[in-house]
Structure formats: structure tokens, C-alpha cells
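Laboratory data are not the source of any read-out in this text; all were calculated from the coordinates shown. Quantities reported herein were computed from a predicted structural model and do not represent experimental measurements. Cβ placement follows ideal geometry from the backbone for every residue including glycine, while neighbour counts extend to all protein chains displayed.
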Ligand code: A2P
């Protein structure tokens, strides 16, 4: 009798993380890197969700929440991370090499889910820093393009070099066999910096506050009539943006009660 191959559990509990193999690592800046790992057949998630990942440290699992940056159809998993000096996990994770083991939680979850939003014309994704990770997943998911006429990714970082991951990803979509055509027709990427001159040099909040600016950048003013919004950045950015959207009349949604805006924190550990 053949016993089906199961991912190796760490510890005894069936909820314990599985052990995945790191396939590749890419460093973008001193502060940012991305890596790919194997994906167990049993690991199911919706594009935009996060999961606990980590390493064994002193014989114990050290885990933090990370958005899965790859789409749900991909047979490997991608993560995009900041390096926090002295961060308990990221200071170790930044040294990870292909062939090494990454712990992967079994319960992906999150709020940045297409099903949490009602139908509208445009999907607008606001990200700062590594908050682009869940949107890296969603812009590679055909469902985003099936549901919306326009998909707009607004990504703001302090410095130009920190935009590279998003700029390269969006450029690579042109040749993507699954979403290439839809993305070239429907995806718009607005990349901005705040501490260095760039094509757009502005915080996301300022793009919304400055009269006529959002319309100039995207073709129409931000409105709950036409737009559904996803937000992923630092706690302060999320709070500041949420206030502006509430003032415009956007209502928060969930899978149980779909709405017009969903918010998730970009996790740092
Ligand atoms: P700024 O350079 O003006 O602080 P961080 O790395 O601190 O999370 O910042 C990532 C990006 O998010 C930066 O461009 C930063 O702009 C911007 N940012 C930080 N806080 C806010 C906020 N409360 N509202 C809008 N943008 C913010």
C-alpha cells in the first residue's frame, strides 16, 4: 500500500507548521528581499491572504504573519520581506539560503479578499513599503480582472530603489500567459516616492487630499460609486487612509458582509 506523501509536521500537533524548502532568494535593497519556497499540496489560500511563517530558533518555532505574494494558483510560494535590524525573525530570515527550511503555518487568513468587496468599476489597491505583497498576489490572479474593469495599484515607498519589486513584477505581467492580456488592458501602476524625486513624489494621503490629483493620476476621482479599495501599509498609513475613505462614504467590507473597502496591516517582525 502506498501512503500518500504528507508535508512533514514540526512537533506533534496537526496544526504545527510544515517544513518547506527555500527555492530562491533575491535581495532588492539593504532593507528588502523576496524568497520562494515549496508549497505543500494541502496548502490552500485565497490571493491576498497572509500566513504565519518562520524559522526554528533555539529549538522553538519563531513565526510572524506574512502576506503570500504569489497568487493562489502558483505551485510555489513567494514572500516579500523587510529586514528589521535586530528584528527577532527578519534578522535571521534575511540570511536564508536556497535549500534551507522555512516553517509554514497551516491556516492562511486575511481581509484583502476579492469576495469581501461588492461589484464596482475599479479595484484600487493602496500599499506602502512591503504592503505591496498581498497585491503582488492579487494582480496575478485572473479573478481580479474578471471582476473589475480597471485594477489600479498605488505603491509608495520612501526611496526609488524600494519600488523595484513592484515595478519589475508589473513589467513582467506583460508576458504572463495567464493574466498578461488582461493586465495590459486593465492594470495601472502608480509608483511614488516620498524622500527622493520620482515621476510621482507624494504620499498616498496627499494624492487624495490634493484637489484633482487622484483624478489626474487615475482618470477619475475616488468614489464609493465606482471604486472598491484595498489598503495595506503601516498602522498609521492605514488609519490615515481609512479616515479619508470614511469621509468619502466608503463602507468597510468582509467576506461575511462585502463592502467597499478592506484594510490589512503590512506585517513586520
Ligand atoms: P514618508 O517618507 O513621508 O514617511 P515606512 O517605511 O515608514 O512604512 O513608509 C513607507 C512609505 O509610507 C513612505 O513613503 C512614507 O512616507 C509613507 N507613509 C508613512 N506613514 C504614512 C501615513 N501616515 N500616511 C501616508 N503615507 C505614509
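Below 8 Å, C-alpha to C-alpha, sequence gap of six or more: please give me the relative contact order for segment 58-195 in percent. Before the final figure, lay out the partial values.
Working: 169 pairs, mean separation 31.5, N = 138.
RCO, segment 58-195: 23 percent.
Could you estimate the translational diffusion coefficient of the chain from the Stokes-Einstein equation, with Rh from the Kirkwood formula over C-alpha pairs, at 20 °C and 1.002 mPa s, in whole µm²/s? Numbers along the way, then the final one.
Values: Rh = 19.1 Å.
Diffusion coefficient, whole number: 112 µm²/s.
Would you please give the FRET efficiency between residue 198 and residue 58, computed as 1/(1 + (r/R0)^6) with r the Cβ-Cβ distance and R0 = 45 Å, to the nearest 0.05? Before the final figure, lay out each step's value.
Details: r = 43 Å, r/R0 = 0.95.
Once rounded, the FRET efficiency stands at 0.60.
Whole Å is fine, so just give me how far the alpha carbon centre of segment 108-136 lies from that of segment 228-269.
9
Calculate, in nm to one decimal, what residue 164 and residue 181 gain on full extension: separation in residues at 0.36 nm each, minus their alpha carbon distance. Let's see the in-between values first.
Values: separation 17, 0.36 × 17 = 6.12 nm, distance 2.22 nm.
Using 0.36 nm per residue and subtracting the Cα-Cα distance, I get 3.9 nm.
Where does helix 164-173 land angle-wise versus the long Cα axis of the chain, in degrees 0 to 90, nearest 10?
Once rounded, one gets 90 degrees.
Any chance you could run the full-extension gain for residue 21 through residue 254? It's 0.36 nm times the residue separation minus the Cα-Cα distance, nm to one decimal. Write down the numbers at each step before the final one.
Details: separation 233, 0.36 × 233 = 83.88 nm, distance 3.31 nm.
Taking residue 21 through residue 254 to full extension adds about 80.6 nm, to one decimal.
Considering the Cα trace of segment 43-127, what is its radius of gyration and what is Dmax, both in angstroms?
Computed over the Cα atoms of segment 43-127, radius of gyration and Dmax are 14.9, 51 Å.
Using the alpha-carbon atoms, what tilt in degrees (0 to 90, nearest 10) does helix 235-248 show relative to the longest principal axis of the chain?
It is inclined by approximately 40 degrees.
From Cα pairs below 8 angstrom and at least 6 apart in sequence, can you work out the relative contact order of the chain, rounded to a whole percent? Don't skip to the answer; put the middle values down first.
On the way: 580 pairs, mean separation 53.3, N = 269.
Once divided by the residue count of the chain, the mean separation gives 20 percent.
Taking R0 as 30 Å, what FRET efficiency do you get between residue 100 and residue 235 from their Cβ-Cβ distance, rounded to the nearest 0.05?
Values: r = 31 Å, r/R0 = 1.04.
Rounded to the nearest 0.05, the efficiency is 0.45.
In whole angstrom, note down how far apart the Cα centers of segment 145-203 and segment 50-72 are.
26
Which percent of the Cα-Cα distances in segment 130-269 go past 22 Å?
Tail fraction, whole percent: 38.
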